[in-house]
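Enquirer: Pasting a structure below so you can have a look.
What follows draws every value from the coordinates through simple rules; no lab data is involved. Bear in mind the structure is a predicted one, so any value in this text is a computation, not a measurement. Note: ideal-geometry Cβ built from the backbone for every residue, glycine included; neighbour counts use all protein chains shown.
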Amino acid sequence: MTMAYIAHPEQQQTLEWIGGGLFTILLDGQATAGQLTVGLFDVPRGEAPPFHFHTREDEVFVLLKGEALVWVGEECHKLNAGGAVYLPRNIPHGYRITSARADLLLITTPAGIEEMFRHAGRDITTPRPDGFEISRERLAEAAALRGNVIVGPAR
């Protein structure tokens with residue numbers, strides 16, 4: 001990539017995510033020539049993805065606000081605001097938000113994981129269908145599209 005890219009809020013896509021949380025795609029693969037994806041979660045207490053691992057990307061997340069439990073393999077760690085986690089591909093992991101709300105910055109390299117979020121989530125600029133939810137089946141389908149493997153339920 002030879003050009004910088006600036007993404008103003010009106011250019012970013014926000015999706016409804018698990019448990020009524022929000023995921024905003026700040027920078028996607030198109031903006032970064034496939035180098036990385038950057039997103040921001042705004043999620044409520046209890047939000048937790050299934051226990052999973054990525055086969056195509058390494059992941060970093062930074063807990064900007066709130067508290068969470070993070071599982072890396074079978075180890076559980078408490079993460080407070082300002083804490084960061086690096087998760088190389090093929091390492092099973094998960095988290096659970098334990099504070100009332102949390103903001104989580106997500107960075108993956110290379111880019112592409114945003115397509116999983118787009119497949120399972122709902123763009124908040126579209127009408128919300130009655131009873132919308134991200135089912136386990138829909139999430140598993142979206143994960144498989146990106147080479148992510150769900151190995152168990154949320155922890």
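Enquirer: Taking only the range 3-17 into account, find how many residues are among the polar types (S, T, N, Q) and free of Cβ contacts under 8 Å to residues at least 24 places away in the same chain.
Expert: The total comes to 2.
Enquirer: I need the full set of residues from the range 35-83 which are among the hydrophobic types (A, V, I, L, M, F, W, C), over 16 Å from Ala143 (Cβ atoms) and not in a strand (DSSP E or B), in order please.
Expert: Those that are among the hydrophobic types (A, V, I, L, M, F, W, C), over 16 Å from Ala143 (Cβ atoms) and not in a strand (DSSP E or B): Leu36, Ala81.
Enquirer: Which one of these is β-branched (Val, Ile, Thr) and part of a strand (DSSP E or B): Ile134, Ile107, Ile91?
Expert: Within the list Ile134, Ile107, Ile91, the selection yields Ile107.
Enquirer: Find the residue count for the range 133-155, including only residues that are touching an Asp or Glu at 6+ places or on another chain (Cβ under 7 Å) and under 18 Å from Gly20 (Cβ atoms).
Expert: 0
Enquirer: In addition: Which of the residues spanning the range 5-30 are more than 21 Å from Arg138 (Cα to Cα) and among the charged types (D, E, K, R)?
Expert: Those that are more than 21 Å from Arg138 (Cα to Cα) and among the charged types (D, E, K, R): Glu10, Asp28.
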